[in-house]
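One structure is given here, and the rest of the page talks about it.
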């Protein structure tokens, strides 16, 4: 339950891409600060935006009311300098958490992007609400490369409940992926982070994804696993008898399993190049 919701006017909306985003992205874009999905493993919990907050992660949310206006101003300046603009939305929040249904911040940004498109946009979300904006995504993909990446960290609802009880259900996310794929928009399943799954996990993704991204708590938290340790992830895995899933080479094992079902060229591992080339 969100304890504090504020509307703010941010100075900027585009941030130069660094760290794990340095795989082809030039900028990140976060329509909100904070995230009500409050996943236990979220690396943002260990970042300054949360470390200096008195309110726990998941209990506060800032709505960036002027996000679309800022985007228009900032991309105009970038274009004047002939800069490439490859955007990752979002790196420290979810653009389709529940408040977006009323706030329409993400939708407003997409509307502005149709008028001032980037070169590439990847939307990263857990929110099935993204299907509301298929109309805009279809229009936008005529002007730039668009990739919708939905986090599907497991195919087991019981596992999701342990690690991310406030995030949308897995079946809802899979349905959203299917709808977006059927609309002709490029899709990606982001297995990020890998959580325990059944051997049939790849089968539920067949026919609805163009790309697969594999990330783990050891390689994808921005600190080579140190943030995940501080968040207590090894202990949480242990408490639920899942320790065999907490290993540094997990990404390699998962890649080999998925290659039994998908061509290797559609699978990427965190720290490698992002899609599409």
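The values are calculated or read from the model by the stated rules, or taken from the named source; none is laboratory data. Quantities reported herein were computed from a predicted structural model and do not represent experimental measurements. Because the Cβ atoms are built from the backbone with ideal geometry, glycine has one as well, and the counts that use them run over all protein chains shown.
When 212, 208 are checked against the criterion of being at pLDDT 95 or above, surrounded by 14 or more Cβ atoms within 10 Å (Cβ to Cβ) and not in a loop (DSSP other than H, G, I, E, B), a single residue qualifies: 212. Listed by position, the helices (runs of 4 or more DSSP H) inside segment 1-116 whose residues that are at pLDDT 95 or above and more than 19 Å from residue 149 (Cα to Cα) number at least 1 are 67-80, 100-103, 105-115.
If you go through segment 183-203 one residue at a time, how many are outside any loop (DSSP other than H, G, I, E, B) and in contact with a helix residue (DSSP H, G or I) (Cβ under 6 Å, 6 or more places away or on another chain)? Walk me through how you get there before you give the answer.
We begin by selecting, within segment 183-203, every residue outside any loop (DSSP other than H, G, I, E, B); these are 186-191, 201-203.
Now drop any that are not in contact with a helix residue (DSSP H, G or I) (Cβ under 6 Å, 6 or more places away or on another chain), which leaves 187, 189, 202.
Adding up the residues that qualify gives 3.
Conditions (1) closer than 25 Å to residue 168 by Cα; (2) surrounded by fewer than 20 Cβ atoms within 10 Å (Cβ to Cβ), marked per residue:
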{"site": "19", "(1), (2)": "no, yes"}
{"site": "22", "(1), (2)": "no, yes"}
{"site": "29", "(1), (2)": "yes, no"}
{"site": "35", "(1), (2)": "yes, no"}
{"site": "46", "(1), (2)": "yes, yes"}
{"site": "49", "(1), (2)": "yes, yes"}
{"site": "54", "(1), (2)": "no, yes"}
{"site": "58", "(1), (2)": "yes, no"}
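When we screen 36, 63, 123 for residues that are in contact with a strand residue (DSSP E or B) (Cβ under 8 Å, 6 or more places away or on another chain) and under 23 Å from residue 186 (Cβ atoms), the only hit is 123. Hey, could you check segment 77-110 for residues that are out of contact with any strand residue (DSSP E or B) (no Cβ under 9 Å at 6 or more places or on another chain) and surrounded by 16 or more Cβ atoms within 10 Å (Cβ to Cβ) and say which is farthest from residue 65 (Cα to Cα)? Ranking the candidates gives 98 first. Taken over segment 161-177, the criterion of being surrounded by 19 or more Cβ atoms within 10 Å (Cβ to Cβ), in contact with a helix residue (DSSP H, G or I) (Cβ under 8 Å, 6 or more places away or on another chain) and part of a loop (DSSP other than H, G, I, E, B) is satisfied by 167, 168. Evaluate segment 226-233: report whether one residue or more is modelled with pLDDT under 95, buried (at least 22 other Cβ atoms within 10 Å of the Cβ) and not in a loop (DSSP other than H, G, I, E, B). Within segment 226-233 (the criterion being modelled with pLDDT under 95, buried (at least 22 other Cβ atoms within 10 Å of the Cβ) and not in a loop (DSSP other than H, G, I, E, B)), the answer is yes, since at least one residue qualifies.
Per this entry, residue 139 is counted among residues that are without any contact (Cβ under 8 Å) to a residue 40 or more places away in the chain, in a helix (DSSP H, G or I), within 23 Å of residue 74 (Cα to Cα) and out of contact with any strand residue (DSSP E or B) (no Cβ under 8 Å at 6 or more places or on another chain). It is to be established whether one or more residues within segment 122-129 are part of a helix (DSSP H, G or I), in contact (Cβ under 8 Å) with a residue 12 or more places away in the chain, within 21 Å of residue 170 (Cβ to Cβ) and touching a helix residue (DSSP H, G or I) at 6+ places or on another chain (Cβ under 9 Å). Yes, some residue in segment 122-129 is part of a helix (DSSP H, G or I), in contact (Cβ under 8 Å) with a residue 12 or more places away in the chain, within 21 Å of residue 170 (Cβ to Cβ) and touching a helix residue (DSSP H, G or I) at 6+ places or on another chain (Cβ under 9 Å). Within segment 234-245, how many residues turn out to be touching a helix residue (DSSP H, G or I) at 6+ places or on another chain (Cβ under 8 Å) and either in a helix (DSSP H, G or I) or without any contact (Cβ under 8 Å) to a residue 12 or more places away in the chain (or both)? Residues flagged as touching a helix residue (DSSP H, G or I) at 6+ places or on another chain (Cβ under 8 Å) and either in a helix (DSSP H, G or I) or without any contact (Cβ under 8 Å) to a residue 12 or more places away in the chain (or both) within segment 234-245 amount to 5. For the condition assigned to a helix (DSSP H, G or I), in contact with a strand residue (DSSP E or B) (Cβ under 7 Å, 6 or more places away or on another chain), at pLDDT 95 or above and more than 19 Å from residue 250 (Cβ to Cβ), what is the one hit in 150, 180? The unique qualifying residue is 180.
Among the residues of segment 145-160, at least one is surrounded by fewer than 20 Cβ atoms within 10 Å (Cβ to Cβ) and touching a helix residue (DSSP H, G or I) at 6+ places or on another chain (Cβ under 6 Å).
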